[in-house]
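Participant: Dumping the structure here so I can ask a few things about it.
The values are calculated or read from the model by the stated rules, or taken from the named source; none is laboratory data. For clarity, every value in this text was computed on a predicted model and none was experimentally measured. Methodologically, a virtual Cβ is constructed for each residue, glycine included, from the backbone with ideal geometry; neighbour enumeration extends over all protein chains shown.
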Amino acid sequence: MRRSYVGALTLGALIAGAAMTTGLAFAQSTAPAAEAPAPADQAPAPAAETPAAEAPAAQAPAPAANAPAAPTASEPAKSAKAPIAKPRKKMAPTVVVLVTNKRAVPLTELDATPAGGGEAKQIVANLAPGKKTSVTLAHGKSCVFDLHGAFDDGSSTDMTSVDLCKDNKVNLVD
């Protein structure tokens, strides 16, 4: 006997929850909906002839004192489902590189290209003489890069096959 009682309560809770989620139950209205005026040659229909399905929302049962309010037009209805966690994107490993310009002329650009080919990426721009900066560089399986630096006086420098994970300091000297 206890099982049927629990089953009936569960069914009742599911129906009430579905009705509340869809906004069908506990609708409140501040004023009844205005009816269209009847044409002059017809008499207005008596209220007793209105079917139960077309009854105005004012006849709906009043919500319990601790029941949540029905969603309004300005606030969307909340979904009954729990939010699904988005899968995290796998981040490429990174290395922080300290670049120091020990030359007497400004560094205009320092590019890093994965050794063996790939697209060059500018990692430093406009580094004054005697200054240093740190940059975070993403890398794949290999941490070996080819570096190309260009200076304000038109000179350039190239460093090939530099493992930035083993030695993360790049010193640009004359």
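Participant: Looking only at residues in segment 90-115 that are small (Gly, Ala, Ser) and out of contact with any Leu (no Cβ under 9 Å at 6 or more places or on another chain), which one is nearest to residue 167 (Cα to Cα)?
Facilitator: Per the stated criteria, the residue is 115.
Participant: Only one of (1) surrounded by fewer than 17 Cβ atoms within 10 Å (Cβ to Cβ); (2) touching a strand residue (DSSP E or B) at 6+ places or on another chain (Cβ under 8 Å) fails for residue 155. Which number is that?
Facilitator: If we test residue 155 against (1) surrounded by fewer than 17 Cβ atoms within 10 Å (Cβ to Cβ); (2) touching a strand residue (DSSP E or B) at 6+ places or on another chain (Cβ under 8 Å), just (2) comes out false.
Participant: Residues in segment 128-142: is at least one modelled with pLDDT of 95 or more, more than 33 Å from the chain's Cα centre (by Cα) and of a type in the set (Ser, Thr, Tyr)?
Facilitator: no
Participant: Only one of (1) touching a Ser or Thr at 6+ places or on another chain (Cβ under 9 Å); (2) loosely packed, with under 14 Cβ neighbours inside 10 Å; (3) not hydrophobic (A, V, I, L, M, F, W, C) is not met by residue 146, so which one is it?
Facilitator: Of everything listed in (1) touching a Ser or Thr at 6+ places or on another chain (Cβ under 9 Å); (2) loosely packed, with under 14 Cβ neighbours inside 10 Å; (3) not hydrophobic (A, V, I, L, M, F, W, C), residue 146 misses just condition (2).
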